[in-house]
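Below: one structure, written as structure tokens.
The values are calculated or read from the model by the stated rules, or taken from the named source; none is laboratory data. Nothing here was measured: the structure is a model prediction, and the numbers come from that model. Cβ: placed from backbone, ideal geometry, glycine included. Neighbour counts: every protein chain shown. To get the accessible areas, we keep the full protein, side chains included, count just its heavy atoms, and leave off ligands, DNA and RNA. Shrake-Rupley method; radii C 1.70, N 1.55, O 1.52, S 1.80 Å.
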Amino acid sequence: MTTIDNAYLRSFFRLAAERLEAQRQDLCSLDGEIGDGDHGTSMANGFAAINARFRELSAEVQEPAILLREAASAFLGEVGATVGPLYATAMFQGAALLEERPLEQIRLGELLAAFAEGIRMRGKADLGDKTMLDAWIPASQAARNAAACGGDAAAVARAATAAALEGADTTTSMIASRGRAARLKERSLGHLDPGAVSAALIIGTFAELAEERT
Amino acid sequence: MRPARKRAAKDPRATRPPLRFGDDPLLWASWLYYEEGLTQNEIAEELGASRPTVNAYLADARAKGIVNISISGEKLRSVTIGREIEERFGLEGCVIVPGEGGPRSLIDRLGAVAAQSLRWLIHSGDTVAITWGRTMLALANAVRELDLLDIVVVQATGGTTAAIDYTPEACATRLAENLGARFVPISAPAIVSSPEARQILLAEPVIAEQLKNLERLTCILFGISSMRPNSTIHTSGFFDRKLQQKGYYNSAVGSLAGRFIDAQGVPIAGPLADRTIGIELDRLRRIPKRVLVAGGFDKVPPILAALRGGYVTALITDAGTGEGILRAEGLEVDKISQRRRATSPPEPALTRSRIKKFINQPRDVVREALEGALAAFPAHIESIDGSVRAIRSRVEKPQGKVGIVIGGGAGHEPGFFGFVGRGLADAVVVGNVFASPPPDRILSCTRDVHRGAGVLYIYGNYTGDVMNFDIAADLAAAEGIETRAILTTDDIASSGPEDAAARRGTAGNVFVFKIAGAASARMLPLDVCERLVRKANFACHTIGVALEPCSMPDTQRPSFSIGQNEMEFGVGVHGEPGVTRMPLQSADRIVDQICDRIFEEMRLESGGRVAVLVNSLGATPMMELLVVNRRLMQRLSARSVKVHTTLVGHYFTSLDMVGASVTIMGLDEELAGLLDAPCSSIAWIK
């Protein structure tokens with residue numbers, strides 16, 4: 001069984017950064033509708049900073065937990081903003097999980113759940129608040145369900161991706177209760193939450209990764 | 001207006017009244033008629049009543065105010081005759097009502113439309129005079145629910161014989177009552193028996209004081225009397241037989257406020273002038289808004305004279321009188337309509353896509369701007385540990401002084417770095433555009449300004465800032481540095497008073513930083529500084545309005561879309577849309593809306609003392625800020641509020657947003673003292 005190792009994480013962050021860079025403008029426009037229009041910038045710059053940090057790290061770093069910690073601190077130091085503390089805490093939680101024991105790729109759902117828990121703790125939001133959690137939480141659940149039903153690593157990643165996309169889509173029918181969009185009250189209806197859209201984009205990287213490796 | 005009728009239903013049970021209507025047949029009938037579009041016959045069937053009964057219900061519902069019908073004032077003003085009169089006589093507005101049809105008299109009709117027109121004619125803080133007569137009383141009676149603050153109604157002249165019921169007192173008191181205004185009478189007769197009597201009365205302190213109010217008028221509502229035998233000027237007791245016979249007033253065509261004019265509007269100097277107490281014609285003509293309400297064929301010559309003489313800025317009359325005026329000026333009304341229809345230009349479409357900016361690479365903008373700032377102001381600021389995003393003031397910080405660290409996203413220049421310096425903040429942390437700085441930079445500022453007395457963090461109440469500063473506070477605590485965080489929440493549009501802690505911080509930051517800097521410069525301990533800064537934050541009330549969105553360096557596109565005739569009310573400072581979208585209005589009306597909200601929230605009492613900040617959101621120039629400030633000062637003065645400090649300019653911006661914010665800070669001795677303390681920074685030298 002293949003585990004979530006150093007190489008897996010490096011590929012994940014490289015691919016995710018490419019995806020976010022490609023969607024930079026669209027995420028900013030989406031954010032402009034209900035937020036302050038900087039979401040694409042924060043995410044793309046943040047993930048670029050993670051990859052820059054990885055390049056500086058010596059090849060000796062082999063522990064995936066250490067890599068994830070480095071990613072968290074690089075991201076936080078680069079973006080600050082709202083997503084900085086949220087994703088940094090998510091990655092710190094993920095690192096804590098990987099520290100305990102190696103995690104098989106088929107158990108991706110547990111890593112996603114750790115991420116989601118970190119975001120939930122830091123942002124004090126929950127499912128249905130029109131935030132990135134509306135992608136992260138369903139994705140983690142779908143991934144664990146798929147594994148429980150005997151799916152392989154690719155099936156697990158696909159299930160997470162599908163659930164994340166669906167979760168992001170449902171944010172149009174929600175009224176924001178956290179963050180800047182919350183000031184708009186019912187005017188936030190009908191708009192996608194940019195944080196959920198970028199989360200789905202990131203989660204989709206796992207499916208892409210799984211396909212690349214098969 | 002009634003909606004187009006659509007045949008509603010069907011099963012009678014489907015139209016049972018909803019429970020909240022109770023058993024009130026008026027409400028029920030009105031609902032079915034106006035909201036469901038049923039005919040009166042259909043409603044009669046539903047209610048098991050006769051059609052005449054339903055008709056009576058509907059009439060009753062209007063009389064009792066269950067149903068309010070109003071015709072858009074804009075539409076009434078767009079009538080062709082009105083447009084032509086406006087153009088001809090250089091009026092700001094001319095409202096025309098149908099002169100015939102329906103049981104109401106012309107005078108009641110004019111009164112009603114004039115009362116409705118007050119919505120665009122008078123505004124909070126105005127001092128309004130009213131003359132007397134049948135039309136004026138009808139107007140005063142018809143006024144309701146205007147929702148205006150700080151209005152004063154002044155009687156335009158002394159009193160008249162009580163033989164009429166439309167006396168100056170009656171008109172003015174009724175208007176004041178219905179406007180919820182303060183009433184100033186003129187406790188003297190409008191016409192006295194001799195010039196000597198007038199001189200004696202004018203010298204009376206009470207009367208002199210009352211008449212003083214006529215010098216501050218912003219608006220006058222007046223009627224006009226013809227010279228016919230039973231006209232108001234006669235019934236009010238101005239003439240005795242002798243005067244008329246002597247022929248002093250043979251050339252007069254009309255009378256306003258008890259004064260006489262000829263056909264060209266020239267005042268007639270006769271023996272009555274020295275016996276009349278009230279507003280004089282030359283003073284009347286200097287009042288900014290002069291509204292004449294009059295109609296009827298006998299009024300055509302006097303109205304025309306008033307228009308020619310420049311006594312009128314807005315005219316409210318009926319179609320027949322309006323046509324008469326134009327005919328008297330030699331214009332054919334039928335031809336006008338055709339000409340006007342032909343010349344309405346199509347609205348040009350405005351399309352913008354890419355906003356041009358002085359930038360190199362979008363990702364470098366913040367760093368490059370800060371490098372430019374450090375190079376421009378070396379006497380004020382320098383970087384901490386070589387980072388351009390952690391900046392300290394050059395001022396020496398003595399041991400035992402509470403450190404003040406402020407910060408937030410970039411894009412608010414001269415906020416935040418413009419407010420570090422003597423008597424202001426000690427260090428500033430800068431994030432990306434509109435994004436909180438990360439904790440490590442906040443921590444390096446904290447260490448840099450700590451002098452053993454703890455550090456105050458002051459920043460706007462935004463999710464991202466709270467998280468990053470909280471992480472930094474934990475890290476600082478681990479190093480033994482005590483910090484306190486004060487989240488500014490001055491933007492009162494962002495949440496209601498019941499949820500004031502959820503509000504965001506905007507331009508009020510400027511005053512809060514000042515108070516913090518002054519308190520820490522006095523070497524006050526952390527607890528005291530914290531209390532004062534919290535107090536300063538609660539004293540600040542801000543509302544922002546955007547006319548155009550800003551554009552981020554990254555996208556170079558407008559951050560939201562807005563129509564040509566719209567504005568966003570209640571915007572913050574991050575390019576996000578406001579709380580409500582409204583039709584675009586004039587500067588004064590926008591300031592009025594801002595003042596109404598802030599005054600109510602602050603419970604601003606007369607005699608209070610405030611500091612104000614009229615702030616550009618980026619692209620709005622100083623000239624327009626000054627126009628805003630002008631109206632703001634009028635409103636504050638109408639409330640007898642003393643303005644202690646005024647700041648006007650670019651203090652806390654939102655990139656290139658076209659818009660402005662108004663901050664009013666309530667002051668007591670303590671806050672005023674701290675505000676007066678000297679300070680010196682890039683953005684504020686005192």
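Within segment B:105-155, being part of a loop (DSSP other than H, G, I, E, B) and under 23 Å from B:Gly296 (Cα atoms) holds for B:Ser105, B:Thr131, B:Trp132, B:Gly133, B:Val143.
Only one entry of B:Phe260, B:Phe238 meets the criterion of being at pLDDT below 95 and assigned to a loop (DSSP other than H, G, I, E, B), and that entry is B:Phe238. Picking from residues in segment B:474-484 that are in a helix (DSSP H, G or I) and touching a residue at least 24 places away in the same chain (Cβ under 8 Å), the one that is nearest to the other protein chains (Cβ to nearest Cβ) is B:Leu475.
Count of segment B:569-579 residues, restricted to those that are out of contact with any His (no Cβ under 7 Å at 6 or more places or on another chain), at negative phi and within 11 Å of chain A (Cβ to nearest Cβ), is 7.
Criterion applied to B:Val402, B:Val430 was being within 30 Å of A:Ala88 (Cα to Cα) and modelled with pLDDT of 95 or more, and the one residue passing it is B:Val430.
The rows are residues; the columns are (1) in contact with a strand residue (DSSP E or B) (Cβ under 7 Å, 6 or more places away or on another chain); (2) of a type outside the set (Lys, Arg); (3) open to solvent by 40 Å² or more (accessible area, probe 1.4 Å).
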site	(1), (2), (3)
B:Asp554	no, yes, no
B:Met567	yes, yes, no
B:Gly575	yes, yes, no
B:Gly578	yes, yes, no
B:Arg589	no, no, yes
B:Asp592	no, yes, no
B:Met602	yes, yes, no
B:Ser606	no, yes, yes
B:Met622	yes, yes, yes
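Considering segment A:65-80 alone, what residues qualify as being within 16 Å of B:Phe434 (Cβ to Cβ) and either open to solvent by 10 Å² or more (accessible area, probe 1.4 Å) or at pLDDT 95 or above (or both)? Result: A:Glu78, single match. Residues that are without any contact (Cβ under 8 Å) to a residue 12 or more places away in the chain and either over 15 Å from the mean Cα position of the chain (by Cα) or not in a helix (DSSP H, G or I) (or both) within segment B:606-647 comprise B:Pro621, B:Met623, listed in sequence order. Comparison of A:Leu86, A:Leu27, A:Leu15 shows that the only residue that is in a helix (DSSP H, G or I) and over 30 Å from B:Ser551 (Cβ atoms) is A:Leu15. Being touching an Asp or Glu at 6+ places or on another chain (Cβ under 9 Å) and open to solvent by 10 Å² or more (accessible area, probe 1.4 Å) is the filter here; which residues of segment B:98-112 pass it? Selection gives B:Pro98, B:Gly99, B:Glu100, B:Leu106, B:Arg109.
Can you pull out the residues in segment A:30-50 that are assigned to a helix (DSSP H, G or I) and of a type in the set (Asp, Glu)? Passing the criteria: A:Asp31, A:Glu33.
State whether one or more residues within segment A:35-46 are surrounded by 19 or more Cβ atoms within 10 Å (Cβ to Cβ) and more than 20 Å from A:Leu133 (Cα to Cα). Yes - at least one qualifying residue is present in segment A:35-46.
Can B:Asp165 be described as crowded, with 18+ Cβ neighbours inside 10 Å and either among the acidic types (Asp, Glu) or modelled with pLDDT under 85 (or both)? In short, no. Here B:Leu487 passes the criteria (1) more than 14 Å from chain A (Cβ to nearest Cβ); (2) open to solvent by less than 10 Å² (accessible area, probe 1.4 Å); (3) closer than 28 Å to A:Ser188 by Cβ except the one numbered (2).
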